[in-house]
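Participant: The structure under discussion is supplied below as structure tokens; questions concerning it will follow.
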Amino acid sequence: MIGARLNWRIFVGGGALLMLALTAILAPLLAPVDPLEQDLFLELLPPWWQADADPTRALGADSLGRDVLSRLIHAARPALIVAVVAGVLTMLLGTALGLLAGYMGGMVDVVISRMVDIWTSFPPVLLAIMLVALIGTGLHSVIIAIVLIDWTRFCRVVRSETLAQTEMEYIDAAVIGGLKRGAILFREVLPNVLPLVIVLLTLEMSIAIIVEAILSFVGLSVSSDSPTWGGMIAEGRQVIHQAWWVMAFPMGLILIAVLALNLLGDGLKTALDPVLRR
Amino acid sequence: MSPILDIHDLRVSLRRGAHLVRDVSLSVDAGEVHGLVGESGAGKTMIAKAVLGILPDAIRISGGSALFRSDDLLQLPPKRLRSLLGREIALIPQDPLTGLNPARRISAQMTDMLRHHLGQSRGEARANALRLLQEVQIRDPEQVLDRYPHELSGGMRQRVLIAIAFSAEPSLIVADEPTTALDVTVQKQILRLIRQMQERHGTAVLFVTHDLGVVAKVCHRVTVLHTGQVVEQGDIADIMSARATPFTRALMDATPRYDQPADALHPVPEHIHQELRATARRFDEANP
Ligand SMILES: Nc1ncnc2c1ncn2[C@@H]1O[C@H](COP(=O)(O)OP(=O)(O)OP(=O)(O)O)[C@@H](O)[C@H]1O
Ligand SMILES: [Mg+2]
């Protein structure tokens, strides 16, 4: 698209994400042991560089003697699934409604904009917990909750950008060129809104990872025995004084994932900016 | 000669009621450049947009007609109007920056019209776009076709827009301040280009501007507008002479000229504005 200029942020952020994605996809091959296997002799075993470590448990073990590294690797799966599926669905819903509101104007705009106002007046995390409690736990309800809450972010931005684009003279030129309204929306307006949407998508994906972590921390995500980063933090919190590593590693990974996504978003923004600002 | 565009008693109003254009009549003959002049806010753009059917939502046409050949553009069903616009009537927009879509290559924007209105194939359209770019004197037209608008200078962009306007061989082009956004030297080149193209293709042009100096260079006939009313209409020679109405003469004194120092400029005297606003008020009282 639009002669994007690559920069280091795109490489570093994108590279880190690619590694994370590969980890999630290849989890069964990469994980040294079964993430659910308990071994009470290994309870709260420290990571490899400490004195009484076990070479088969590189990052130590948790309070049930489960391998931290294997759990971290497997937990990348729910995090990534939520980030991608919830991110894309949120983008699609919010962008579609934003385009409609900005381009159609009139009653359509009034109704959609009112909905956005009402939606955003609720505190989002509370809303997410309420929603999941209502639909039931599981990955799909985490995704539904994120989409239902966060579509407004895309809707607002896309609506105002669409409005700005329809003021431009090239829209008049397209009308006079004989294009129909639908064709103008998709062929003339959408390509101008797309760079913004892509940048927002990276932001949304990092939010999705955090929301999934929060919901699994309070036990509202996937079933409690399969590993999640949020669940691992919750378990690690209880043994923080004896074994900091159970909590520190999943936190670190969440941080890395979120930073990588923000870096990628930043990189894309500058790469696409000269076009955005025309 | 019969006019190609015949605007009769055009009235344009805000949906809430206030009039912006007050019963304006003007006609453009085939092959003629007709200047539409007036100060900012006089209603020039409203007339152009009314004819092209692109008025903003808040504004409506409340009377009159605009005959193009035998069709009234103001009454035409949208489908008929769409097929006429672009092919028979084209636009040169004011701002070369927003007149081209920033996210699409020049080639895509130039071939749209050719493929849509003239049914040309992709290859034919590209060949014609190339020929058109040569005609508007763009160097390296092959390269320019593959560029995005922000990679071109303002003058180049305006040349591209002129090429697009002429591409379907329309019989009428509406040009709304096509040189206002350009600097003076480029302005002259673009004016000359529009005039050349117009003569070569026999195209009539409705030329909107606030600059009487520009009008003197390119127009055959002129309509002078104030507060949405016609204050003067006629051949360029008559209007430039001492026979012009007080407002037109005042407007001429207010127009910068190359052969005069800037301090020779006089703004239009306030009593002339007041008289014209008073006639507008009388019109509004008679036509609520
Ligand atoms: N969207 C709008 N809503 C309300 N009034 C408008 C709108 N657009 C223009 N007007 C008013 O209509 C009148 C005529 O405007 P128009 O744009 O036709 O002026 P113009 O002669 O083209 O001036 P300029 O040289 O500044 O382009 C102005 O008084 C303006 O304030
Ligand atoms: Mg104007």
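Participant: Which is charged (D, E, K, R) and either on the phi > 0 side of the Ramachandran plot or open to solvent by 70 Å² or more (accessible area, probe 1.4 Å) (or both), of A:Asp52, A:Asp62, A:Asp67?
Facilitator: Details: A:Asp62 fails: either on the phi > 0 side of the Ramachandran plot or open to solvent by 70 Å² or more (accessible area, probe 1.4 Å) (or both); A:Asp67 fails: either on the phi > 0 side of the Ramachandran plot or open to solvent by 70 Å² or more (accessible area, probe 1.4 Å) (or both).
Testing whether each residue is charged (D, E, K, R) and either on the phi > 0 side of the Ramachandran plot or open to solvent by 70 Å² or more (accessible area, probe 1.4 Å) (or both) leaves just A:Asp52.
Participant: Now for a different question. Tell me which residues, restricted to the stretch B:2-26, are of a type outside the set (D, E, K, R) and buried (at least 19 other Cβ atoms within 10 Å of the Cβ).
Facilitator: B:Ile4, B:Leu5, B:Ile7, B:Leu10, B:Val12, B:Ser13, B:His19, B:Leu20, B:Val21, B:Val24, B:Leu26, listed by residue number.
Participant: Something else about it: Please go through the stretch B:116-144 and pick out each residue that is more than 22 Å from B:Gln196 (Cβ to Cβ), away from chain A (no Cβ under 12 Å) and surrounded by 15 or more Cβ atoms within 10 Å (Cβ to Cβ).
Facilitator: Correct list: B:Gln120, B:Ala125, B:Arg126.
Participant: What number of residues in the stretch B:66-104 are away from ligand 2 (no atom under 16 Å from the Cβ), under 15 Å from A:Ala174 (Cβ atoms) and not in a helix (DSSP H, G or I)?
Facilitator: 10
Participant: Of all the residues that make up the stretch B:190-213, how many are small (Gly, Ala, Ser) and either assigned to a helix (DSSP H, G or I) or within 16 Å of ligand 2 (Cβ to nearest atom) (or both)?
Facilitator: 1
Participant: Within the stretch B:170-198, track down each residue that is touching a residue at least 60 places away in the same chain (Cβ under 8 Å) and either more than 13 Å from ligand 1 (Cβ to nearest atom) or surrounded by fewer than 17 Cβ atoms within 10 Å (Cβ to Cβ) (or both).
Facilitator: Across the stretch B:170-198, the qualifying residues are B:Pro170, B:Ser171, B:Leu172, B:Ile173, B:Thr180, B:Leu182, B:Ile194, B:Arg195, B:Met197, B:Gln198.
Participant: Having 3 or more residues that are of a type in the set (Gly, Ala, Ser) and within 30 Å of A:Arg159 (Cβ to Cβ) is the bar; report the helices (runs of 4 or more DSSP H) wholly within the stretch A:1-97 that clear it.
Facilitator: Answer list for the stretch A:1-97: none.
Participant: Now a separate question. Quick one: count up the residues across the stretch A:139-179 that are over 30 Å from A:Leu220 (Cβ atoms), away from chain B (no Cβ under 14 Å) and of a type in the set (S, T, N, Q). Before you say what the answer is, go through the steps one by one.
Facilitator: First pass over the stretch A:139-179, keeping only residues over 30 Å from A:Leu220 (Cβ atoms): A:159-179.
Going one step further and asking which of them are away from chain B (no Cβ under 14 Å), we end up with A:159-160.
When the remaining residues are screened for being of a type in the set (S, T, N, Q), the result is A:160.
Result for the stretch A:139-179: 1.
Participant: Hey, does the stretch A:183-205 have a residue that's part of a helix (DSSP H, G or I), more than 9 Å from chain B (Cβ to nearest Cβ), open to solvent by less than 10 Å² (accessible area, probe 1.4 Å) and not β-branched (Val, Ile, Thr)?
Facilitator: Yes, the stretch A:183-205 has at least one match.
Participant: If only one of A:Gly106, A:Gly102 is more than 16 Å from the chain's Cα centre (by Cα), over 29 Å from A:Gly219 (Cβ atoms), open to solvent by 20 Å² or more (accessible area, probe 1.4 Å) and within 14 Å of another protein chain (Cβ to nearest Cβ), which one is it?
Facilitator: Answer to the check: A:Gly106.
The values are calculated or read from the model by the stated rules, or taken from the named source; none is laboratory data. If you're wondering where the values come from, they're calculated on a predicted model, not measured in any experiment. Note that we place each Cβ from the backbone using ideal geometry, even for glycine, and neighbour counts take in every protein chain shown. Note: accessible area is taken over every heavy atom of the protein model, side chains too, but ligands, DNA and RNA are not part of it. Shrake-Rupley method; radii C 1.70, N 1.55, O 1.52, S 1.80 Å.
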